[in-house]
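The values are calculated or read from the model by the stated rules, or taken from the named source; none is laboratory data. Small disclaimer: the values here were computed from a predicted structure and weren't measured. Using ideal geometry, Cβ is built from the backbone for each residue, glycine included, and neighbour counts are taken over all protein chains shown.
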Amino acid sequence: MPIRRLSRTGRLLLAACALGSATPTLAGPNAAAEAQALDLLEHAISFRSVTGPDNQTPALAAYFKQALVAGGFMDADVTITRVDDTAFLVARYRGADPKLKPLLLSGHMDVVEAKPADWQRDPFTPVIENGYIHGRGATDMKFDDALMIATLIDLKRRHFVPKRDVILVLSGDEETIMKTTQMIAAQFPDAYMLLNGDSGGGTLSEDGKPLYFALEGAEKAYADYTLTFTNPGGHSSAPRRDNAIYDLAAVLTRIGSHPFTPQLNAITKAYFSAAANYAAPQTAAAMRAFAADPTDRQAIATLSADPAHVGQIGTTCVATMIDGGHALNALPQRATANINCRIFPGTSFKQVEDELVRIADDPRMRIHFTDIGTTASPASPLRADVTAAVRAALDAGYKGVPIVPSMGSGASDSMWFRVRGVPSYGVAPIFIKDSEDFSHGLNERTPLANIAPGIAYWDVLIQRLSN
C-alpha cells in the first residue's frame, strides 16, 4: 500500500480497520477515547522533542496541557515547568481523600534524535500505513503518553472520582540526563506507587499472537565511559606505529568481543522460567538452562546472540560514538569513543570501569566515567495487588495472556522513584513483535491495534490501583 496523507475521517477509518482485525478480543472499545488517543499520538509525533537547539518538548507539553484542560482538568492542576531547553508536565486528577498518597502515572515526552536522511519516511511526520503508525516516538514513548492522557480525559468525561489523587508526570529529558525526572521525583517522595508507561509490555509472536506480558519490577543502571588515546600526531605522509585511531580501534575490538560475567537474580530467574513457555524451542531450552545454571555455556551463547535477551543475562557494554583526528592529511592527535553500559543490579559503576580497563589492557588509554547523575536502583516488590490489577486490566483486551516478572535491560525514569522508596512498575500495554521493535532506531513504528486494548487496559488499571 503506498504512503498517502489521509483526512481525519480517513485516518480514523483506517485505524478502525486495523483495530477490528487485531488479535485481541475487546470487552467494549471506547470509540471517543480511542479516536482521541490516535489524534494525540499523531500530533505528538509531529513535535521534534529532541534535546538541543529547537527542542520542541515545551511545545509538546503545552499541547498536552491544552488537551487535558479541554478534557475537564482545572488549568491550575496542570503545570508545565521549564528546565533549560526542555520542560516537564504534572497533571493532578483529584481524588476523594487528599490525605491518601497519590498514584503516579509516568512517561516522557522527549525522543532520541532521528535524521530524516536516514529514514524511509520523515521521522517527525506521522504516517499510517498497513495498520502501523510510523514516526519517531511511535513506540518510545508517545504512543503510551497518548493512551494515558486519552484515558484520563475519558475518566473525567464519565465523572469517575478516585479515592486517591492520580498524578500524570511526564518528564522532558529521559533520553539524556533525566534532570526533569529527578525534579519530579523530589516533588513526590511519598507517592503510593508509580506506574511507568515506558517499560514492561507485551510480546507478540512473529505471526501476531500475544505470547506474554512482562511486568517490570527492576531495571539495570545506565553508565557512559569515555575512552581516550592521544599521540603527538604529525604529517600523514610519514606514518608511525603509534596512531591514536588504531590504538582505540584495537581496544574497541577487545571490548566488543569480551563476555561480561552472566548474572541472575530472583526477577530474571522467574522471567526466564516463565517466558521459556512461549519461546522458540532452542531459545526456550537456553532460558530454562540459564535459570537453572547461569554458568551454562551453551545457554549463555544462545541468549547472548539474541538482542531480545542479551540484556537480561548480565551487564552489557557497547561502543556508541567515536571521534578522532583533526585533519584529512594529518596523523591523529586524539581519538575517543563512548562506551555505553547497562549494569546489572548489584554491580557498581566502579567495578565496570575497572573491568573495562582490564579488557583494554593498554596503559596509554585514559578512561572517564561520565557522571550525569544516574543511579542504580533496588528492585520493587512484586506485589499481589499490582499483579491482580494488571491481570484485570489485561483481561479487558488480552484475556488470559500470561504475566511474567521482568527486569528492564535499559534505564527509565523509574530509577529515581525507586531510590526514594516509591514502588515502581513498568506496565506499558503495548504488544509488539521482537523483530518490529525499532525504539531508538530507524523507521520506528507500532501497530495501531494497540489503541483499543490500551485504552481499556489503562482504564481498569487506574481505577483498580487508585481505589
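Among the residues of segment 384-400, those identified as over 22 Å from the mean Cα position of the chain (by Cα) and either charged (D, E, K, R) or in the same structural domain as L248 (by TED's automatic domain parsing) (or both) are D385, D395, K399. Is it the case that segment 126-145 has a residue that's closer than 23 Å to D54 by Cβ, aliphatic (A, V, I, L, M) and in a helix (DSSP H, G or I)? So far as segment 126-145 goes, no, none of its residues is closer than 23 Å to D54 by Cβ, aliphatic (A, V, I, L, M) and in a helix (DSSP H, G or I).
Among the residues of this structure, V318 counts as one that is modelled with pLDDT of 95 or more, closer than 30 Å to K269 by Cα and either of a type in the set (D, E, K, R) or not assigned by TED's automatic domain parsing to the domain that holds M407 (or both).
Listed here are the residues, each with its yes/no results for (1) buried (at least 23 other Cβ atoms within 10 Å of the Cβ); (2) outside any loop (DSSP other than H, G, I, E, B).
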{"position": "V90", "(1), (2)": "no, yes"}
{"position": "G95", "(1), (2)": "no, no"}
{"position": "P98", "(1), (2)": "no, no"}
{"position": "L104", "(1), (2)": "yes, yes"}
{"position": "D110", "(1), (2)": "yes, no"}
{"position": "A117", "(1), (2)": "no, yes"}
{"position": "Q120", "(1), (2)": "no, no"}
{"position": "F124", "(1), (2)": "no, no"}
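Selection over segment 309-352 of residues that are more than 18 Å from F260 (Cβ to Cβ) and not hydroxyl-bearing (S, T, Y) gives a count of 15. One residue alone among T370, T347 is polar (S, T, N, Q), farther than 28 Å from L41 by Cβ and buried (at least 19 other Cβ atoms within 10 Å of the Cβ), and that residue is T347.
Count of segment 427-467 residues, restricted to those that are touching a Leu at 6+ places or on another chain (Cβ under 7 Å), charged (D, E, K, R) and surrounded by 24 or more Cβ atoms within 10 Å (Cβ to Cβ), is 0. Can you confirm whether G256 is touching a residue at least 60 places away in the same chain (Cβ under 8 Å) and on the phi > 0 side of the Ramachandran plot? The answer is no for G256. Would you confirm whether or not segment 69-76 contains a residue that is of a type outside the set (D, E, K, R), in the same structural domain as D198 (by TED's automatic domain parsing), touching a helix residue (DSSP H, G or I) at 6+ places or on another chain (Cβ under 7 Å) and not in a loop (DSSP other than H, G, I, E, B)? Looking through segment 69-76, at least one residue is of a type outside the set (D, E, K, R), in the same structural domain as D198 (by TED's automatic domain parsing), touching a helix residue (DSSP H, G or I) at 6+ places or on another chain (Cβ under 7 Å) and not in a loop (DSSP other than H, G, I, E, B).
Let's see how each residue does on (1) among the β-branched types (V, I, T); (2) within 13 Å of the chain's Cα centre (by Cα); (3) at pLDDT 95 or above; (4) assigned by TED's automatic domain parsing to the domain that holds D437:
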{"residue": "V111", "(1), (2), (3), (4)": "yes, yes, yes, yes"}
{"residue": "A114", "(1), (2), (3), (4)": "no, no, no, yes"}
{"residue": "I133", "(1), (2), (3), (4)": "yes, no, yes, yes"}
{"residue": "G137", "(1), (2), (3), (4)": "no, yes, yes, yes"}
{"residue": "D145", "(1), (2), (3), (4)": "no, yes, yes, yes"}
{"residue": "I149", "(1), (2), (3), (4)": "yes, no, yes, yes"}
{"residue": "I153", "(1), (2), (3), (4)": "yes, no, yes, yes"}
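Tally up the residues in segment 343-395 that are farther than 30 Å from L195 by Cα, in a helix (DSSP H, G or I), touching a Lys or Arg at 6+ places or on another chain (Cβ under 9 Å) and charged (D, E, K, R), please. Residues flagged as farther than 30 Å from L195 by Cα, in a helix (DSSP H, G or I), touching a Lys or Arg at 6+ places or on another chain (Cβ under 9 Å) and charged (D, E, K, R) within segment 343-395 amount to 0. Scan segment 420-453 residue by residue and report those that are farther than 25 Å from R391 by Cα, assigned to a loop (DSSP other than H, G, I, E, B) and in contact (Cβ under 8 Å) with a residue 60 or more places away in the chain. Answer for segment 420-453, where residues must be farther than 25 Å from R391 by Cα, assigned to a loop (DSSP other than H, G, I, E, B) and in contact (Cβ under 8 Å) with a residue 60 or more places away in the chain: R420, F438, S439, H440, L442, N443, E444. Being over 20 Å from the mean Cα position of the chain (by Cα), surrounded by 24 or more Cβ atoms within 10 Å (Cβ to Cβ) and within 25 Å of N450 (Cβ to Cβ) is not true of L195.
Screening segment 267-287 for residues that are without any contact (Cβ under 8 Å) to a residue 60 or more places away in the chain and surrounded by fewer than 18 Cβ atoms within 10 Å (Cβ to Cβ) and picking the one that is farthest from L204 (Cα to Cα) gives K269.
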